[in-house]
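Data block below; observations after.
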Amino acid sequence: MKRILSLILTIIVILAVVLATLYLASQCVIPGVCTSKPSFNATTVLSKIQALSSLTTTRYSYSTIITTETDMPDWLKTLYGQKQVLVAVGYITAGINMTQAKATEAPNGESIALTLPAPTLQDCILDEGKTYVAALEKGVFASPNPTIDQQSRQFAVQQLRQAAINGEILTEAQTQAQTAITNFVELIGVPNVQITFLPADPNAPLPSSCS
C-alpha cells in the first residue's frame, strides 16, 4: 500500500514539475526558451505604412470675399463693365505621401528608423454649398461674361491656399503625422520608432485643385 501511495505521489510531483515548467516557459521566464522582445522587421513595417498611401493630417477652413471686375477705364465701366462680389468658403488639406516612406531596422533589432517625405498640400476645395455670388453689377450694354465667375473662384482658391501656407499648415501637418505614424507603428508591434522627414522640395508641383 505504501508503495502505491509513494508511486502516486511521485507521479503527482512529476506532473507538477512538468506543468510548472510549461507555465514558466509560456511566460518567457526560463532563459533561452523565448524572449520578451517583439519580433518585427523593416520590410513588414514599411509595407504596412505604404499601404496607408496618403495620410491627411491637417485641414484648415477659410472664407474670403473676392471682388472681380472688368479691366477698363472707369467711364467705360458704366456702359460695358461687369463687377462680381463672391463670398468664397473652402478648405485646404495637407498630409504625407506614404508611398514614398522608407524604413530601416536598427542593428540591435530593437527599433525602426522611418524616413518620410515632407508634408505637402493635398487639396484646395471650395465648398460649393457655402460659396455664392453676393453681388453682380453690369454696364448698360455689357454682354454676359461667364469667365468672370471662373476667374473669381480660381483667385479665391489661390487666396485660401496662401492663407493656409502662411498659417503654417505644413508645419502642423508634419507634427500631426509624426504622432499618427508613431501610434500606428506601435499598434503593429514596434515599440521604438525614429521618424525623420526629408526637406521640402520648393519645386514640387501643386495638386491640380490648388493651382
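If ILE148 passes every condition in (1) touching a helix residue (DSSP H, G or I) at 6+ places or on another chain (Cβ under 9 Å); (2) over 30 Å from THR179 (Cα atoms); (3) hydrophobic (A, V, I, L, M, F, W, C) but one, which one does it miss?
Exception for ILE148: condition (1).
Quick one: which of THR99, THR104, THR10, THR93 is modelled with pLDDT under 80, hydroxyl-bearing (Ser, Thr, Tyr) and not in a loop (DSSP other than H, G, I, E, B)?
Going through THR99, THR104, THR10, THR93 in turn, just one is modelled with pLDDT under 80, hydroxyl-bearing (Ser, Thr, Tyr) and not in a loop (DSSP other than H, G, I, E, B): THR10.
Quick one: PRO38 ticks every box in (1) in contact with a Phe, Trp or Tyr (Cβ under 7 Å, 6 or more places away or on another chain); (2) at pLDDT below 70 bar one, so which box is it?
(1)
Would you be able to tell me the number of residues in segment 147-176 that are over 22 Å from PRO119 (Cβ atoms) and touching a residue at least 60 places away in the same chain (Cβ under 8 Å)?
Number satisfying all stated conditions: 7.
Kindly indicate whether ALA118 is in a loop (DSSP other than H, G, I, E, B), within 30 Å of GLN194 (Cβ to Cβ), at pLDDT 90 or above and not polar (S, T, N, Q).
yes
Cβ-Cβ below 7 Å, separation at least six or inter-chain, first residue in segment 44-65 and assigned by TED's automatic domain parsing to the domain that holds THR179, second part of a loop (DSSP other than H, G, I, E, B) and not acidic (Asp, Glu): which pairs?
What qualifies is VAL45/ILE188; VAL45/VAL190; LEU46/ALA101; LYS48/ILE188; ILE49/ALA101; GLN50/ALA101; TYR60/GLY167.
Do you know which residues across segment 73-105 are surrounded by 13 or more Cβ atoms within 10 Å (Cβ to Cβ) and farther than 30 Å from PRO146 by Cα?
ALA94, GLY95, ILE96, ASN97, MET98, ALA101, LYS102, ALA103, THR104, GLU105
State the number of residues belonging to segment 132-171 that are in a loop (DSSP other than H, G, I, E, B) and over 20 Å from LEU206 (Cβ atoms).
Residues meeting the conditions: 8.
What pairs come up if the first residue lies in segment 177-203 and is touching a residue at least 12 places away in the same chain (Cβ under 8 Å), the second is surrounded by 11 or more Cβ atoms within 10 Å (Cβ to Cβ) and among the basic types (Lys, Arg), and their beta carbons are under 7 Å apart, counting only those six or more places apart or on different chains?
Close Cβ pairs satisfying both conditions: ILE188/LYS48.
How many residues are among the β-branched types (Val, Ile, Thr) and exposed (fewer than 14 other Cβ atoms within 10 Å of the Cβ) if we restrict to segment 134-164?
Qualifying residue count for the region: 2.
Considering each residue of segment 44-90, count those that are at pLDDT below 85, under 26 Å from THR179 (Cα atoms) and either in a loop (DSSP other than H, G, I, E, B) or not polar (S, T, N, Q) (or both), and give that number.
7
The values are calculated or read from the model by the stated rules, or taken from the named source; none is laboratory data. The shown structure was predicted, so the numbers you read here are calculated from the model rather than taken from an experiment. With ideal geometry, Cβ positions are generated from the backbone for all residues, glycine too; neighbour counts draw on all protein chains shown.
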